[in-house]
1. Being surrounded by fewer than 16 Cβ atoms within 10 Å (Cβ to Cβ) and modelled with pLDDT of 90 or more is the filter here; which residues of the range B:72-121 pass it?
2. Go through the range B:179-254 and tell me which helices (runs of 4 or more DSSP H), entirely inside it, have 3 or more residues that are among the hydrophobic types (A, V, I, L, M, F, W, C) and over 25 Å from B:Val48 (Cα atoms).
3. Which members of the range B:74-121 meet the condition of being β-branched (Val, Ile, Thr) and either within 25 Å of B:His62 (Cβ to Cβ) or more than 7 Å from chain A (Cβ to nearest Cβ) (or both)?
4. Regarding A:Thr278, is this residue in contact (Cβ under 8 Å) with a residue 24 or more places away in the chain and assigned to a loop (DSSP other than H, G, I, E, B)?
5. Please return the ranges of helices (runs of 4 or more DSSP H) entirely within the range A:145-264 where 3 or more residues are open to solvent by less than 50 Å² (accessible area, probe 1.4 Å) and either within 12 Å of chain B (Cβ to nearest Cβ) or farther than 22 Å from A:Thr43 by Cβ (or both).
6. Would you say B:Ile219 is over 26 Å from B:Thr56 (Cβ atoms), at pLDDT 90 or above and open to solvent by less than 40 Å² (accessible area, probe 1.4 Å)?
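The values are calculated or read from the model by the stated rules, or taken from the named source; none is laboratory data. In this text the structure is predicted, and so the values were computed from the model without any measurement. All Cβ positions, glycine included, derive from the backbone under ideal geometry; neighbour counts span all protein chains shown. Ligands, DNA and RNA are stripped out before the accessible areas are found, and what is left, the full protein with its side chains, is counted by its heavy atoms. Shrake-Rupley method; radii C 1.70, N 1.55, O 1.52, S 1.80 Å.
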Amino acid sequence: MLAIVPEAARFRYLLAWTALAVLLCALPLFLSYSQKEILVFTTINVILVVSYRHLTLTGEWSLGHVVMMGCGAYGSALASKQLGLAVPLSMLTGGVCAALVGWLLSYPLFRMKGFYFLIGSFAAGEVIRLLWKRFRDPFGGPKGLKRVPGLEEFEFAGLRIDFFDPVPYYFFSLAVAIVCIWLLWRIERSPLGWSYHAVHWGDDLARSVGIPTRRLRRRAMVTASFFAGISGALLVHYVGTVNPSRFNVEEMVYVLTWAIVGGVATLYGPILGVVSLTIVNEIILREFGLDQWRPLFYGALLIASVLFLPKGLESLVAPARSMLSRLWTRSA
Amino acid sequence: MSILEVRDLTMRFGGLHAVDGLGFSVAKDSIHGLIGPNGAGKTTTFNVISGFYRPTSGRIFHEGVEISGLPMEKVADLGIVRTFQHATLFRELSVLENVLIGCYSRRRTGLMDAIFGRWHKQDALLREEAEELLEFFGLAERADFPAGNLPHGLQRALGMAIASAARPSLMLLDEPFTGMNAEETLVMMDLTRRLRERGVSILLVEHDMRAVMGLCDCITVMNFGKLLAQGSPDEIRSHPEVIKAYLGGGHTEA
């Protein structure tokens, strides 16, 4: 599974990765304040959708993943507000909360498969959302929690770094996103990840040679929930508030759209999906004042991508890459 | 010493007795055939032994340990691995990767092992073993081939290779010769015999009588979910009840 990379190609890889790093670092320079905020949200959404794809590795699609993000947000907000935990620690606590909820839900949910799992996960998510609405103490009811502390500012080499500003928070979330993606990639590219693949493509065959498919599905769900929780924690300490409607099924549909439009066969597919749709959304729709058309636009895009690009944007990457490398060899 | 013992096994679906008070045992290091007319309950018996179904009643022992009612993955862990009637493979994985997945029962990689890469050493060992298995099943030249593109005979061989990778002591083969031409059947029979020489006992369901008679040390015949006869191929061939079950009859009795 490891490609042997010749010297020239390795150089090209290095170049591409450097270019990406420079781009990611220089990006805030070209954006307005509100676009910088969107950059922060996009980075957070990247973690969310990559963690969602991790769950789909085992073949099950959930409608409750955004609620797992909410568990991380509430968990982290409460840990920092009520327990006075330092924010980075409370974020980890939020991730663990989401993982715990995911673990509890995985027992009843993985008694179902396919469509039933989809509906079951939706119902379970709604139950959790109703609990947040119902219990003012500690979740704050329908209005949610307010004045959630932000990430503590600190001084570094004479520079005061204030995380209420989007740019520092962008770099912080970017660092967290890179760590999360790296961890998920390590898991995927290991015997554990290959057995997730086996569970997806041959449930009975996998069981017949002793692979505990249900346990593996549960493990994938717990892992995915943890990282969704981390993304929720990142969100809540940036915006400072959290309420139940932020994690309703409409938000889930956005996540689904990102994953489907981007494609879930590769790790970068969903990232492509979320980034390109955010660009389209924020630049084209907002610039032209077509905000009202957003749901219609997303719906049409989802249908179009299923019809014309069933394997997602990621299926365009390999042809684009070979074209680039041909251009490269020609110019060299 | 028997490797598998089935006692008074019954499997009901609603009012239908698919298997009805069946009892037989498979001797260690033997090739044991399970035959019978269509609908006799052979495949159901297989599904119950391998843990795919829970039996309605009755008990199953593997080397003295009761396995009835355990889920399929537990049964596989204890050393009974089945193959499937239709070539069941991970079609988009390579032949080698298919066999590696079969090794999983001994590979148990945890989350932390995956993150810290603590599996490479063990993986190298398993890869060697998987390559050895491919050699044994005549698949070595196609190790990097996508499994879905193999010809039918080799797909069946790969199915057996995946099962062997889990190191079973008893392998259940569900109609291993279906859809094979004479030559492929001979190759498969030879494979089955050599597998037994490696210390794997074999229980197989099959319709191809030439293969069954040529291969098996002992044959169990089922009819309407019940045990009809048991014995060596020669005894079975001349058993009056068996002939009647296969050729019809019984209506003409006085």
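1. B:Lys74 - this is the single residue of the range B:72-121 that is surrounded by fewer than 16 Cβ atoms within 10 Å (Cβ to Cβ) and modelled with pLDDT of 90 or more.
2. Details: elements: B:182-197, B:209-215, B:233-237, B:240-247.
By residue number, B:182-197.
3. Once the filter is applied, which keeps residues that are β-branched (Val, Ile, Thr) and either within 25 Å of B:His62 (Cβ to Cβ) or more than 7 Å from chain A (Cβ to nearest Cβ) (or both), the range B:74-121 yields B:Val75, B:Ile80, B:Val81, B:Thr83, B:Thr88, B:Val95, B:Val99, B:Ile101.
4. On the way: in contact (Cβ under 8 Å) with a residue 24 or more places away in the chain: yes; assigned to a loop (DSSP other than H, G, I, E, B): no.
It is false that A:Thr278 is in contact (Cβ under 8 Å) with a residue 24 or more places away in the chain and assigned to a loop (DSSP other than H, G, I, E, B).
5. Per the criteria, A:166-188, A:191-201, A:203-208, A:213-239.
6. Answer is no for this residue.
Table: residues versus (1) part of a strand (DSSP E or B); (2) on the phi > 0 side of the Ramachandran plot; (3) not charged (D, E, K, R).
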| position | (1), (2), (3) |
| --- | --- |
| B:Asp29 | no, yes, no |
| B:Gly33 | yes, no, yes |
| B:Pro37 | no, no, yes |
| B:Thr44 | no, no, yes |
| B:Asn47 | no, no, yes |
| B:Tyr53 | no, no, yes |
| B:Ile60 | yes, no, yes |
| B:Gly69 | no, yes, yes |
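Listed here are the residues, each with its yes/no results for (1) free of Cβ contacts under 8 Å to residues at least 60 places away in the same chain; (2) touching an Asp or Glu at 6+ places or on another chain (Cβ under 9 Å).
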site: A:Gly84; (1), (2): yes, no
site: A:Val87; (1), (2): no, yes
site: A:Val96; (1), (2): no, no
site: A:Tyr107; (1), (2): no, no
site: A:Phe117; (1), (2): yes, yes
site: A:Phe122; (1), (2): no, no
